[in-house]
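In what follows, a single structure is set out as structure tokens and then discussed.
Where a number appears in this text, it was derived from the coordinates with a stated rule and is not lab data. The model shown is predicted, which means the values in this text are computed figures rather than measured ones. With ideal geometry, Cβ positions are generated from the backbone for all residues, glycine too; neighbour counts draw on all protein chains shown.
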Amino acid sequence: GGLFSSNEVESLAEPNDDTPISHRVIEAEDGKVLYGGVFFAYGSAVSYWFTPNGSRYWKPIVEDSVKPNMVARYREWEDVVAMYESYGEKCGFSTRLGTVKRVKSIITHRNEHGVKAKLCNVTSMWEIYHFEESHNHMLVLSYSRDLTKIGRKLDFATKEFIHRIAGGVHDNSEVRAAIHKLCFDTTMDTQRYNQRVAEFNTDYRVPEFKTSLAIEKHCAKVYSQTIFNEVRKEIQKGLLLCVITKHAEVHGVKEYTVTHIDKNSDVVNDFTVRVNSADGDTTCSCNSWTRIGYLCRHIFYVFRYTKVEAIPEKYILDRWRREVLPKSVFSIDARYGVDNSASAVMRNELFNLFTQCVDRLNSDPDRLSTFAEQLKGLIEGVMTGGAMTRVNQRL
């Protein structure tokens, strides 16, 4: 609970000045609470308190009828979510799904980050067994709740109103074109930024390995950082949650029955992985390769069983590779408003040439080392003012 109940708030004097936002601070000396108060704003009331160790808490002050009913029963979990979202909308916070607990693949407990419910074995209805009123973050005040996740969902009447007042824009082609260009430029700028962040993470972040398998290290060499993270999950889950329960060979095709279990060791399903000994074609009945474009955990487990340490080239799509985009896409001379003087153009070309060489030799340490030694020779000639000779040694 908090410092103040609804009755205690009613006993406090409402702000009588012209400022719509005001506090009434009440100190406490019980050793548990350092200080606290009630925050009034445009009809909203929130109690807050700070503990001696610096923790801060806020609790919405609303009628008891608005709060989740601890004795209510709900036929569906969605009814619990709808009730708590309605409570959050009135109090000024957004809800999000939490953890779930399963017993033999059946969900028995769910958490909505503030309210916990369990499925009754007798009535098969959801019962709330825990409700936390306090929050460790400030609540959204009433005049700003149109900016919350729920508040941004416009009803039909609001959409119709916006459409009517914007009717004049449809008749002005210049305004309409400017709006379209602004939306397009904003979207493209965001896309370019995200692409550059992804390229940087792929080139410079050290991959984190979850297993000691060689095939995981091979994935880090061929895939971009984002796709590597997804494939790494499949490799790890194949190692932990899959087991071969049947093995047979028919007309040169090896068939493996891979049993998929959950973290409680309960069987989820059985999948069939087929490996053609002649051409190495590998398929799985889950069709993950066809749907997504990278191999599934069931195939990775078979690869581990058959000691395959690298993904076959046929199963590495070009769009997922590290070098899918040439570095010239991000070159300086491809941007607007750059220096086009002779020295600047030559400097940009040097940067691009160096980047191309490093990208080409990145997966070959021996050739990369030779390139570094040759580059040191050129740099030494530049620094000492000596002659710079052409490098004839092939990498």
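Charged neighbours of Phe303, selected by a Cβ distance under 12 Å, balance to 0 (K, R count +1; D, E count -1). Volume per residue for segment 197-346 equals 143 cubic angstrom (convex hull of Cα atoms). Among the trypsin sites (Lys or Arg not before Pro) within segment 260-311, those in coil by DSSP and having at most 12 neighbouring Cβ atoms inside 10 Å are Lys263, Lys307.
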